[in-house]
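Here the structure is laid out as structure tokens; the discussion comes afterwards.
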Amino acid sequence: MEQLEWFPRRYLVAILGFLGFANIYALRVNLSVAIVSMTRNRTYQAPNGTIINLGPEFSWDREIQGLILSSFFYGYIATQILGGYLACHYGGKRLFGVGVLATAIFTLLTPLLAKISVYLLTAARVVEGLFEGVTYPAMHGLWSRWAPPAERSRLVTITLSGSYIGTVCALPLSGALAETQRWSAIFYIFGVLALIWSAVWFYVVSETPRTDKKISEAEREYIEESIGITSSSNLSKIEVPWHSILTSVPVWAIVAAHFCENWGFYTLLTELPTFMTDRFGHNMHDAGVLSSFPFLVMGIVVQCSGYLADWLRSTGLLSTMQVRKLFTCSGFMSQAIFLVAAAHLSSPGAVIATLTVAVGFGGLAWSGFSVNQLDIAPQFASVLMGLSNTVATIPGIISPLLTGHLIRHKTIYEWQTVFMISSCVYILGAIIYSLLASGKIQPWAFNTQECNTLLDDQSHTSNEELAPPTITTTTNAAVEEEIEEDDDDD
């Protein structure tokens with residue numbers, strides 16, 4: 001791919017990361033739509049006009065369906081911290097690519113496994129979760145070496161917004177395929193698209209700006225001067241300060257916010273098509289299309305909020321800590337209010353409009369807590385993302401099971417209970433994050449061992465053999481100013 005000087009290489013990484021997360025979420029949510037088609041009654045019209053009821057292809061009750069939908073998260077939760085550790089030590093490029101590639105392969109096998117046994121289907125979803133579990137920390141590990149501090153919010157949110165666009169595309173397309181084709185086409189189409197993306201990712205993206213052969217010299221120098229030169233060959237020498245991380249209050253503020261955001265998000269992500277079908281009797285295509293609107297708005301808000309967050313920080317109107325708290329808490333409170341409203345409305349249009357506003361405003365929160373790991377510990381951002389996403393995966397396990405337990409008779413009162421629980425969780429998250437979050441680099445995040453090791457190694461090397469400096473700097477002028485600002489606020 002030819003390098004275009006007017007298009008920075010780091011934004012090409014962001015766009016491919018965006019498409020990667022779009023594929024990840026398409027592979028994740030397609031079963032939410034497909035399972036409705038797989039378990040609904042089928043009819044056949046005989047030549048003489050007689051309608052024959054064939055029954056569902058898979059006789060799974062609501063609790064079994066909830067188990068199948070939640071099984072993904074049993075694998076997903078297991079590899080978050082491992083993914084963060086691997087990304088910190090070996091880089092995120094290969095880890096992210098392998099995560100998507102393996103998930104694509106098991107998605108292609110899903111129809112076959114489902115027909116053989118529900119246990120094989122459940123096991124396949126667990127394995128998919130294992131491989132997808134490394135993707136978020138892997139991308140944060142990549143951004144710790146590619147994202148200048150002044151552009152941190154926008155680059156991260158460009159990438160993360162792909163998850164919502166993937167949802168937007170997957171829900172209606174899956175619904176249309178379920179209505180016009182066999183449900184198995186859902187898995188074949190999304191699986192092939194993810195395979196194509198994987199090939200492009202491995203060919204185009206490099207681990208660091210220094211190892212990218214097509215980056216311009218000006219861009220490489222700009223990134224390295226902003227965040228420090230990072231040598232992927234020496235990443236394994238970094239020691240992760242586990243005790244400091246696990247006892248850090250700002251870290252647990254991020255963890256709590258991530259958990260609360262994912263509770264409501266996963267509830268809607270996995271159950272919204274079913275809610276629209278139960279509540280208003282929509283067919284699969286209409287339910288898929290209507291369910292996609294909130295996530296489309298959220299994807300747009302996530303990207304816009306990233307630019308707004310960086311602008312507020314760069315102009316000095318707000319400090320980093322103030323930006324993160326403002327965006328996170330306003331997003332949470334908006335979601336809580338509009339979810340309660342949606343639970344008590346009876347018009348399909350009003351419900352979708354209210355849910356769209358709720359989920360859309362939730363996009364603000366992702367420019368808060370989801371970038372905060374890079375603020376307080378850029379060197380260990382992948383580890384922090386692995387930790388927070390581990391805890392934030394718990395809602396993906398509990399929420400479908402709880403919803404399956406509560407929604408036994410498909411009544412509006414049962415769905416109101418589901419929405420009210422999510423609203424309360426959002427309010428709790430806003431309170432915790434507003435009290436405990438920070439925007440400054442933590443003392444334990446300044447890792448000097450790699451610098452010392454590299455200097456020792458280079459002291460034994462002649463001047464002719466000395467490679468370009470590969471010392472990972474811990475801070476720069478921009479970050480120091482940021483720390484001073486946050487010290488004043490704290």
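Observations on the structure shown:
- All positions within segment 398-414 that are within 20 Å of ILE64 (Cβ to Cβ) and part of a helix (DSSP H, G or I): ILE398, SER399, PRO400, LEU401, LEU402, THR403, GLY404, HIS405, LEU406, GLU414
- Cβ-Cβ distances below 7 Å connect the following pairs, each with a first residue in segment 193-205 that is within 15 Å of ALA14 (Cα to Cα), a second residue that is surrounded by fewer than 18 Cβ atoms within 10 Å (Cβ to Cβ) and at pLDDT below 95, and a separation of six or more residues or different chains: VAL204/MET1.
- Residues that are open to solvent by 20 Å² or more (accessible area, probe 1.4 Å) and small (Gly, Ala, Ser), drawn from segment 307-333: SER314, GLY316, SER330
- Top-ranked residue in segment 65-113 [being at pLDDT 90 or above and of a type in the set (Val, Ile, Thr); ranked as nearest to the chain's Cα centre (by Cα)]: VAL100
- Candidates ILE186, ILE165, filtered to the one that is open to solvent by 10 Å² or more (accessible area, probe 1.4 Å), touching a residue at least 60 places away in the same chain (Cβ under 8 Å) and in contact with a helix residue (DSSP H, G or I) (Cβ under 7 Å, 6 or more places away or on another chain): ILE165
- Positions within segment 197-221 being within 23 Å of LEU101 (Cβ to Cβ), charged (D, E, K, R) and open to solvent by less than 20 Å² (accessible area, probe 1.4 Å), in sequence order: GLU207, ASP212
- Selection status of HIS243, modelled with pLDDT under 90 and either outside any loop (DSSP other than H, G, I, E, B) or among the hydrophobic types (A, V, I, L, M, F, W, C) (or both): no
- When ILE421 is tested against (1) under 30 Å from TYR266 (Cβ atoms); (2) among the β-branched types (Val, Ile, Thr); (3) modelled with pLDDT under 80, exactly one condition is not met: (3).
- Of residues in segment 175-202 being modelled with pLDDT under 85 and assigned to a helix (DSSP H, G or I), the one nearest to ALA309 (Cα to Cα): GLY175
- Check on GLY49, part of a loop (DSSP other than H, G, I, E, B), open to solvent by 10 Å² or more (accessible area, probe 1.4 Å) and either at pLDDT below 80 or of a type in the set (A, V, I, L, M) (or both): yes
- Residue count for segment 65-110 under the criterion of being in a helix (DSSP H, G or I) and either over 29 Å from TYR203 (Cα atoms) or open to solvent by 20 Å² or more (accessible area, probe 1.4 Å) (or both): the result is 23.
- Among the candidates ALA287, ALA336, ALA342, the residue that is open to solvent by less than 30 Å² (accessible area, probe 1.4 Å), on the phi < 0 side of the Ramachandran plot and at pLDDT 85 or above is uniquely ALA336.
- The residues on offer are TYR11, TYR25, and the sole one that is in a helix (DSSP H, G or I), at pLDDT 85 or above and open to solvent by 20 Å² or more (accessible area, probe 1.4 Å) is TYR11.
The values are calculated or read from the model by the stated rules, or taken from the named source; none is laboratory data. Keep in mind it's a predicted model, so treat the numbers as computed, not measured. All Cβ positions, even for glycine, are placed from backbone atoms using ideal geometry, and neighbour counts span all protein chains on display. With ligands, DNA and RNA removed, areas are computed over all heavy atoms of the protein, side chains included. Shrake-Rupley method; radii C 1.70, N 1.55, O 1.52, S 1.80 Å.
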